[in-house]
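Trainee: Got a structure here, written out as structure tokens. Questions coming.
No lab work stands behind these numbers, since they all come straight from the coordinates. All values reported here derive from a predicted model rather than from experimental measurement. So basically every Cβ, Gly included, is an ideal-geometry build from the backbone, and we count neighbours across all protein chains shown.
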Amino acid sequence: MSDHPDAAVWLDGALRDPAEARVSWADHGLTVGDGVFETLKLVDGAPFALTRHLDRLRRSAAGMGLDVPDDGVLRAAVEEVTGAWGARAGRLRITLTGGEGPMGSDRGGAAPTLLLVATSGRSVTGSSTVALVGWTRNEQGALAGLKTTSYGENVVALAAAARVGADEALVTNTRSELCEGTGSNVFVVTGDRVLTPPLGSGCLAGITRELLLEAAAGGPSPVEESVLTVQDLLDADEVFLTSSLRDVQPVARLHDLRDPHATAVRDWTTPGPLTVTCAQVWSDAFGPGGAVDP
Ligand SMILES: Cc1ncc(COP(=O)(O)O)c(C=O)c1O
């Protein structure tokens, strides 16, 4: 392996040559999406908010009924794969699946597959264009709030967004409330209030979202959880997204794709003042020189 590989891969117990690493054709993550995952930002090779990501991995796995290796095993794997990646920016993906299983939804009782991959990060800068799609998140479904490898609905929504030049799709839930993006949480500024859907909307408990809520609490622009309608989104003064790879990202344009025959568009001048405040709160707490594992 070269000193600066394009990817560092740790699979089932050891670092592997990225060109050789393979999971089984019978892996239940591959065949039926029976798996969970995490995506972390690597800052100079260090995983950001590792403890919170490992906690969420355990919560997602518990929700799926998957066994998780011990914390020590997970952390040692993270150390090995980030060590191989080097002190560079990037992204770390941790995937845990049900391991080899039958060709249907039933599980076979095999040991889980644990895969860690460090690669270069899609650096997300500037403003986002989002598209509100007509498909709904089922906030009462078995996978609500879990970060699972059953992300097919997100793939379809993001592809629809990409067709109109958007880089993120927003979804509502079965109650027609605003929920989240396919890989991000959404924030709406209304007057002097910064609002984001509550976890009961079915959105993922985003770690960037949670850290921003904590960091902004008690400051001049606290962020509140609030049930939001599509009208709140359409009427918003500002909109921004959060995620591990986006941090706080302003939204400049919204396409409304709920009616495929009428593509409405809303534009915002970015970044809006409260988005700037939130981005500042974020970078003061977690930017260069800030906490690495808050
Ligand atoms: C569906 C969904 N919502 C929200 C997020 C944002 O979460 P985080 O801030 O932990 O990256 C993600 C992350 O990829 C996601 O997949």
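Trainee: Rounded to whole Hz and in sequence order, give me ³J(HN,Hα) for the stretch 211-225 from the Karplus expression 6.51 cos²θ - 1.76 cosθ + 1.60, θ = phi - 60°, writing x for Gly and Pro.
Mentor: 5, 5, 4, 5, 5, 7, 4, x, x, x, 10, x, 9, 10, 7
Trainee: If I build a Gaussian network model for the chain, linking alpha-carbon pairs within less than 10 angstrom, which residue out of Ala205, Ala62, Ala157 has the largest mean-square fluctuation?
Mentor: With Cα springs under 10 Å in the chain, the top fluctuation among Ala205, Ala62, Ala157 is at Ala62.
Trainee: Taking 2.2 N^0.38 Å as the expected size of a compact globular protein, what ratio does the Cα radius of gyration of the stretch 7-119 give against it, to two decimals?
Mentor: Dividing the Cα Rg of the stretch 7-119 by 2.2 N^0.38 Å gives 1.03.
Trainee: Have a look at Val194, Ile207, Gly219 and report the one farthest towards the positive end of the charge dipole of the stretch 146-290, computed about the Cα centre with Cβ charges (Lys/Arg +1, Asp/Glu -1).
Mentor: The residue sitting farthest along the positive end of the dipole is Ile207.
Trainee: For the stretch 124-229, report the translational diffusion coefficient in µm²/s to the nearest whole number, using Stokes-Einstein at 25 °C, 0.890 mPa s, and a Kirkwood Rh over Cα pairs. Each step should come with its number before you reach the end.
Mentor: On the way: Rh = 14.3 Å.
Roughly 171 µm²/s, to the nearest whole number.
Trainee: Within 10 Å of each residue's Cβ, count the other Cβ atoms and sort Phe187, Phe37, Phe286 from fewest upward.
Mentor: Phe37, Phe286, Phe187
Trainee: So if we plug the beta-carbon distance of Ser176 and Asp267 into 1/(1 + (r/R0)^6) with R0 = 25 Å, what FRET efficiency do we get, rounded to 0.05?
Mentor: Efficiency computed from Cβ-Cβ geometry: 0.60.
Trainee: Report ³J(HN,Hα) in whole Hz for each residue of the stretch 269-276, in order, from the Karplus equation J = 6.51 cos²θ - 1.76 cosθ + 1.60 where θ = phi - 60°; Gly and Pro get x.
Mentor: 7, 10, x, x, x, 7, 5, 4
Trainee: Related question: Could you work out the relative contact order of the stretch 128-286? I mean the mean sequence separation of Cα pairs under 8 Å and 6+ apart, divided by the number of residues, in percent. Working shown, then result.
Mentor: On the way: 328 pairs, mean separation 39.4, N = 159.
Relative contact order here is 25 percent.
Trainee: Continuing with the same structure: Step by step: find N for the stretch 229-294, compute 2.2 N^0.38 Å, then divide the Cα radius of gyration by it. What's the final number?
Mentor: 1.37
Trainee: Full extension from Ser24 to Arg163: what is 0.36 nm times the residue separation minus their Cα-Cα distance, to one decimal in nm? Don't jump to the answer; show the numbers that get you there.
Mentor: Details: separation 139, 0.36 × 139 = 50.04 nm, distance 3.36 nm.
Result for the pair: 46.7 nm of gain on full extension.
Trainee: Separate question: Distance in nm between label sites at Leu199 and Trp135, each 7 Å beyond Cα in the beta-carbon direction?
Mentor: Label at Leu199, label at Trp135, 2.5 nm between them.
Trainee: How big is the C-alpha Rg of the stretch 57-131 next to the rule-of-thumb value 2.2 N^0.38 Å, as a ratio?
Mentor: On the way: Rg = 16.0 Å, N = 75, 2.2 N^0.38 = 11.3 Å.
The stretch 57-131 yields a ratio of 1.41.
Trainee: Label points 7 Å out from Cα along the Cβ direction at Arg93 and Ser150: separation in nm?
Mentor: Reported label-point gap for Arg93 and Ser150 is 2.0 nm.
Trainee: If you don't mind, there's one more thing I want to ask. Using only Cα atoms, what Kirkwood radius does the chain have, in angstroms?
Mentor: 19.9 Å
Trainee: Place a +1 charge on the Cβ of each Lys and Arg in the stretch 45-117 and a -1 charge on the Cβ of each Asp and Glu, then give the dipole magnitude about the Cα centre in debye, rounded to the nearest 20. If you can, show how the numbers build up before the last one.
Mentor: On the way: 9 positive and 8 negative charges, 81 e Å.
Magnitude of the dipole: close to 380 debye.
Trainee: Now for a different question. Taking the Cα centre of the chain as the origin, how large is its charge dipole in debye, to the nearest 20, when only Lys and Arg (+1) and Asp and Glu (-1) carry charge on their Cβ atoms?
Mentor: Dipole of the chain, to the nearest 20 debye: 300 debye.
Trainee: Given 0.36 nm per residue, what is the gain on full extension from Arg75 to Ala217 after removing their alpha carbon distance, in nm? List each step's numbers first, then the result.
Mentor: Numbers: separation 142, 0.36 × 142 = 51.12 nm, distance 3.03 nm.
That works out to 48.1 nm of additional length.
Trainee: Then there's this: For Arg137, what residues show an amide H to amide H distance below 5 Å, using hydrogens built from the backbone and excluding near sequence neighbours?
Mentor: Answer set, sorted by chain and number: Thr172, Asn173, Thr174.
Trainee: Enumerate the whole-percent occupancy of each 10 Å bin, from 0 to the last occupied one, for all C-alpha pair distances of the stretch 169-211.
Mentor: It works out to 30, 56, 14, in whole percents.
Trainee: Label Asp6 and Val230 with points 7 Å out from Cα along Cα→Cβ: what is the distance between them in nm?
Mentor: 4.1 nm
Trainee: Now a separate question. Enumerate the calculated ³J(HN,Hα) couplings along the stretch 154-163 in order (Karplus 6.51 cos²θ - 1.76 cosθ + 1.60, θ = phi - 60°), each rounded to whole Hz, writing x wherever the residue is Gly or Pro.
Mentor: Those phi angles translate into 5, 4, 5, 5, 5, 5, 5, 4, 4, 5 Hz.
Trainee: Dipole magnitude of the stretch 128-286 about its Cα centre, charges +1 at Lys/Arg Cβ and -1 at Asp/Glu Cβ only, in debye to the nearest 20?
Mentor: With only Lys, Arg, Asp and Glu charged at Cβ, the dipole is about 400 debye.
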